[in-house]
Every structure is written in structure tokens, then in C-alpha cells.
Amino acid sequence: MMSRAVIIGAGLGGVLAAAAMSPIVEEVIVLDRDDLPSGPEQRKGLPQGRHAHLLMAGGLDAMEYLVPVTSIKKRLLNVGAREISLSSGMVTLSSEGWLRRWRRTHHTMITCTRALVDWTIRSAVLEGSSNIEIRKAQAIELLGSAQRVTGVRIEAGTEPEDLYADIIIDATGRGSRILNWLTQLGITDIEEKNVDSGLVNATRIYRTPPGAEDFPLTMVQANPYVNQPGRSAVIVPIEGDRWMVSLAGTRGGEPPADPDGFLAYTLALPHPIVGQLISGAEPLTDVVLSRSTSNSRRYLEKARDWPDGLVVLGDALATFNPAYGQGMSVAALGALELRHQLKYADLAETGLSRRVQRRVAKHTATAWSVAVSQDVLYPGLKGSQRTTADRIAATYTRRLTRAATGSMPAAAALWDVTGLKAGPGRVLRPRTMLATLTGSPLPQLTEPPLTPAEREILRTLDTTHTKEASSSTPAT
């Protein structure tokens, strides 16, 4: 019989899982209940896709490995995505002050719309793998038992159909029914945790102003240490010579949906630079809101019993506050782990799926730690209480961030962890701890670290006539 993998969900996580399984089995079938767009268009069932997405270096590296027949980065850049240096290509106001811009380039990320990422990856995977088929079908339930899953029951026509496979992979995202399906198999001891800061995202697209095509990605981060709702804003350059401007506010500090309120929200942040820039830019869309932003994790790796033949990946396993830009990279790293664990394995091996699930959980845990350690600090949080460990982590993270405003070793550690190039243990290396304890050797910047040319762009665009636009500190 032909070896087969069935993947439920044709989003980014599902397509990357298909790429992971393509060299391992003879047939890969990807199921999705919706028609997929033929181009880089917003996909049904992905409301968060309309807001800013950052493809971190760790996730991009995993994608490049999974799809070796082409360069994912080159494909994205060829269709308009931007490569941004975390060290020199960003102007960032952190909770502890402005981060300096260092002349280093090996810490980078890709910015574009989520629709462009999904379409580019799906096209590359399908072009490079002749044994992958995408079918429109709705998964109803898993087939098999608590010991082994043998397939999935689907609705693709008038009658349900049983589709059997050597391995089933759930990549259905935030709306996964995996807990219901496991209950039907007799597995009910799954621990689940939700941490909800009440975050609301608001996004509007602008035309990039003439002359500002190379203006750095600009970000005012939320401050979790002042016992007030978190408020933030970011200008992300995307394809089509456009700026995607995304605001985020936790419970009690939610951004508004009306254009005047949108601008006012940016101007009321600890520094008005985002509002100053967009005040002179041409809006191309209305404001779009999204509220599906809570952190949710299913600890499947801790289940007493786990069926062979089943793996859960991506948002079906855990979702994160999108403010931290980790979802796509975690999905890619999970798919990469799937490839590594199954590459030379016998799919019929007892305990194989449990081993994969536990390995995937390690990548999930890193992103979860980054997101939740900050979200638990905001007032009005639902689903969790601050622990002693949270307080210790918050204190250290705050000191590290303060040091990173003027210390290259501290900044590099932050870039490694947020870019998912390293786990949380990266910030505990001796050199990083020393930088954290000694603090920044340079004085705090009082204004955004802009070059003279960038200051002139800001002055030209600013129609708010605020004094802050008139002066700025040169880039370091």
C-alpha cells in the first residue's frame, strides 16, 4: 500500500507540514474546507492576516530548509517583500527607551502582508513537490483509537468519506477541534491554558510617501511595567510601495476603528513619531479591527496517553499574542521538527508521534515564554495570575531591555530570542548577564535615532506641527 500523510488545514502551517512530509511518504493530501486564493489575497478564516506580520529569521531558516528547491527569501523579495535589519533598519521606542541602531546586518526579518507569505510559500511547495495534493474537504472526526489514529472522516460531497493514512497532522489553526476529537477517542486529560490581555489590533494601509521608500520600520512598543493598558504602534513597509500601520492595545487601551481616532491614538503614545509620519501619508484603506489575539496553549505533550499516527502543529497547538510576531516562525519550526524526527523513522513505530509532539512543544514553549511573560503584567488580564517566577523574569527582562538601549551584547541577545534564533536560555549566557547587570555604557537617547535625511522626511510628512518633529538624535 502507498504510504500516505493527511494534513488537515492548508494554511501556512499545513503547507509547511506538507513540505516536511513530501520526501518521507509517497502521497501527501492536504485538506481544507475553503477554496484557496489563486494569488496573494486575504484568505477566509484568517482575520488576523490583515494585520502586521513579521517573518523572523528562525522561521525563515526553517522554511528554506523545508523547501530546498528554491530560495524562499528571494521569492518573497522578488514579489515585493522587504528585508529589514533588526540592528540598523528599525527605529524602536522600547519600554526602557530608544534602541540604538547598530551597523550590523546578520539579524534580519522579512516584512510583507500575510497573504503574500502564504501564497508564496504555497506556490513554492507545490512547485517543488509532485506528490502533494490539496483537496477541498471538511474534517469531521479522527478514525482509530486512543492507541493509534488511522485516518480522518471527511465531508467532501453528499456522503462522508473515510480517508486512511499512516500519519494525520492537525494544522487547522486557532479553531482546531483537536480536543473534541481526542475526547471521542477517549483521551480527556489535556491541560489547556488561556492568557488573554484583551488585545485589540487596528490596521490601516497607506501609500508610502515619495522619498520615504527606505525609511526604517518604526515602532513604539507597549510598556508592561507601569500598571496601565499596553498601547503600541508600528509602521511596516510591505509590497506595493505601501505602509501597513498596525496599532495594538490591551484591555482598557483598545485602539479605535475610525480614521480620526486612529491618528489620535498614535499621537497619544509615549512618542508621536508614528502619528507624525502617517499624518502626511495617503490612506488607501479603512481601519480594520481584530480581537482574536489571546495566548492559548494545549499541553498535548503532557497527555498520559497519546495515539500513534497523530501530530498537532502550529496554531492548533498554541496561539500567541500577535504583537510579538512569532506565529509564522513557530509553525515553520514545528514543521522542521516533524521532518527531522520522521526522516529516518518507521511511521508504524510505537511512541513516534509522542516523541514528535514533545519535540515540537520545545519551540512552542520558547514563544509562549516570550509572549506570556509580558502579557501577565497588563491590568485586566484574564486566565492567569502573576507568579513569583513571572516577577523575577519581568525584572530581568526589564534590566536586559534597559541595557540593550546602549549595549550591543544585550541587544544581540534580544534579537536572537525574539527572532527565534535561540531559546530563552540565550539571555542567561555570561556575557549577556554581565551586560544586563552593568547596564548601558551609553547615555539614553532622548529622541528617535534618525539620520539627517530621515529627520527631513519626518519634518516634511508631519502635519501635526508638534515640536518633537523638529529635532532628533543621529543614528549610532
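The values are calculated or read from the model by the stated rules, or taken from the named source; none is laboratory data. The structure displayed is predicted, hence computed values, not measured ones. Here Cβ is always computed from backbone atoms with ideal geometry, including for glycine, and neighbour counts include all displayed protein chains.
Per the conditions (1) of a type in the set (Val, Ile, Thr); (2) more than 23 Å from Gln228 (Cα to Cα); (3) at pLDDT below 95, the sole criterion not satisfied by Thr397 is (2). If you check Ala264, Ala303, Ala323 for being within 18 Å of the chain's Cα centre (by Cα) and either closer than 18 Å to Pro229 by Cα or not polar (S, T, N, Q) (or both), only one passes: Ala323. Taken over the stretch 301-312, the criterion of being hydrophobic (A, V, I, L, M, F, W, C) and at pLDDT below 95 is satisfied by Ala303 alone.
Give the residue, chosen from Arg135, Arg101, Arg114, Arg148, that is buried (at least 18 other Cβ atoms within 10 Å of the Cβ), of a type in the set (Lys, Arg) and more than 30 Å from Gln444 (Cα to Cα).
Details: Arg135 fails: buried (at least 18 other Cβ atoms within 10 Å of the Cβ); Arg101 fails: more than 30 Å from Gln444 (Cα to Cα); Arg148 fails: buried (at least 18 other Cβ atoms within 10 Å of the Cβ).
Of the residues listed, the single one that is buried (at least 18 other Cβ atoms within 10 Å of the Cβ), of a type in the set (Lys, Arg) and more than 30 Å from Gln444 (Cα to Cα) is Arg114.
Restricting attention to the stretch 60-113 and to residues that are basic (Lys, Arg) and not in a strand (DSSP E or B), the residue that is modelled with the lowest pLDDT turns out to be Arg104.
No other residue among Leu434, Leu428, Leu450, Leu442 is within 19 Å of Arg398 (Cα to Cα) and either touching a Cys at 6+ places or on another chain (Cβ under 7 Å) or in contact (Cβ under 8 Å) with a residue 40 or more places away in the chain (or both) apart from Leu442. In the stretch 2-21, of all residues being farther than 13 Å from Ile134 by Cα and not hydrophobic (A, V, I, L, M, F, W, C), the one that is surrounded by the most Cβ atoms within 10 Å (Cβ to Cβ) corresponds to Gly13. Considered as a group, the residues in the stretch 163-201 that are at pLDDT 95 or above and part of a strand (DSSP E or B) include one that is surrounded by the fewest Cβ atoms within 10 Å (Cβ to Cβ), and that residue is Tyr164.
Residues Gly80, Gly59: which one is touching a strand residue (DSSP E or B) at 6+ places or on another chain (Cβ under 7 Å), within 24 Å of Thr203 (Cβ to Cβ), crowded, with 16+ Cβ neighbours inside 10 Å and not charged (D, E, K, R)? Give the steps one after another, and end with the answer.
On the way: Gly59 fails: touching a strand residue (DSSP E or B) at 6+ places or on another chain (Cβ under 7 Å).
When all the criteria are applied, what remains is Gly80.
Residues in the stretch 1-59 that are of a type outside the set (Lys, Arg), assigned to a loop (DSSP other than H, G, I, E, B) and under 19 Å from Gln138 (Cβ atoms): Gly9, Ala10, Gly11, Asp34, Asp35, Leu36, Pro37, Gly45, Leu46.
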